[in-house]
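The values are calculated or read from the model by the stated rules, or taken from the named source; none is laboratory data. As the structure is a prediction and not an experimental result, all values here were calculated from the model. Quick reminder, even Gly has a Cβ in these numbers, built from the backbone with ideal geometry, and neighbours come from all protein chains shown.
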Amino acid sequence: MKKIIYFLLFCCIITSCGAAKMVTRESQYAKMYEEKPLTLLVMPPINNSANVEAKDLLYTSISRPLIEAGYYVISPLLAMDVLKTESAYDSEMFFDASLAPFQNYFGADAVVFSIIDTWAKKGLGIETRIRYVIKSAYTNEVLFDRSCDLFLDLSVNSGSYGLIGTLVDLAASAINTAATDHIIAARKANYYIFRDIPRGKYSPEYMNDKNIDAEKKDIANKLRKYPPVLTVKEVCEILHFGTTKVYGMIGNGEIRRIEHSGRHIRVLKADVIEFLIAHKNDG
């Protein structure tokens, strides 16, 4: 009798393991596929961190990955001017309130909220924890909800040894913790969150990505600090552009190259940072 019971239990375990499947985007973001929002309004982030600059740093970089995912995003600069004029810049007031006024005024189908819980220098890096919520402007229902816990490693290794070498590295790391690093952290957080969003109407993948395996709702990544001299691949990673785009930017002088030996091109990280600063309000 015991042998029969053990055999049945074994069969159940095998069956359950075989039946286990990854969660698809359609099942994880069912409301997004039902409502099919086209136009998104990005609200200024809700900043619960001690970093007063975190709100603006994140706000100026949220739109781009949403646009690349196939959505029409109302200009953040236009939206900010209107929201400030109407004394509606504090998103906390609207997170649990009716979003119908945003549909009537902006023509938005859904509203994008972000909540910054952590944004601080920790050790030799920047630690961020952010929650992103997209809510329907018609029903107030949550269509998309993901959180990320990211750490941007700012450590520098000079290759020196001993106490003096360690002190030099620590000093260099402290200097490198600049606003530009926070811009990179913001872009990375937005990229990791919205790379899993169901594609919008203006994407060739629209309604064809339902069966793609969805990522976990809570994600964590450790972001390494890029070296002073970058390869084209590293520039692509930072800017989230394809190689053709980056080669074009280098070719027309948008980003200066410092070395060209055959097919090997190198770019100063400082030049890429300047590009990020110059275009931080481009969405």
Give just the number: which of (1) more than 23 Å from residue 148 (Cβ to Cβ); (2) modelled with pLDDT of 90 or more; (3) assigned to a loop (DSSP other than H, G, I, E, B) does residue 34 not satisfy?
(3)
Note on residue 67: of the conditions (1) within 22 Å of the chain's Cα centre (by Cα); (2) among the hydrophobic types (A, V, I, L, M, F, W, C); (3) surrounded by 19 or more Cβ atoms within 10 Å (Cβ to Cβ), unmet is (3)
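Please work out if residue 76 is in contact with a Lys or Arg (Cβ under 7 Å, 6 or more places away or on another chain) and crowded, with 16+ Cβ neighbours inside 10 Å.
For residue 76, the condition - in contact with a Lys or Arg (Cβ under 7 Å, 6 or more places away or on another chain) and crowded, with 16+ Cβ neighbours inside 10 Å - is not met.
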If you scan region 100-129, which residues turn out to be hydrophobic (A, V, I, L, M, F, W, C) and either surrounded by fewer than 16 Cβ atoms within 10 Å (Cβ to Cβ) or modelled with pLDDT under 95 (or both)?
100, 102, 106, 119, 120, 124, 126
If you scan region 203-230, which residues turn out to be buried (at least 16 other Cβ atoms within 10 Å of the Cβ) and closer than 26 Å to residue 271 by Cα?
223, 225, 226, 230
Could you check region 138-154 and list, in sequence order, the residues that are part of a strand (DSSP E or B) and polar (S, T, N, Q)?
147
Helices (runs of 4 or more DSSP H) fully within region 39-137 counting 1 or more residues that are among the basic types (Lys, Arg) and over 25 Å from residue 195 (Cα atoms):
76-85
Selection from region 26-68 of residues charged (D, E, K, R) and within 16 Å of residue 111 (Cβ to Cβ) yields 31, 35, 36
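Could you pull out the residue among 200, 248 that is surrounded by 13 or more Cβ atoms within 10 Å (Cβ to Cβ), at pLDDT 90 or above and out of contact with any helix residue (DSSP H, G or I) (no Cβ under 9 Å at 6 or more places or on another chain)?
248
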Which residue out of 63, 87, 75, 91 is on the phi > 0 side of the Ramachandran plot and not aromatic (Phe, Trp, Tyr)?
87
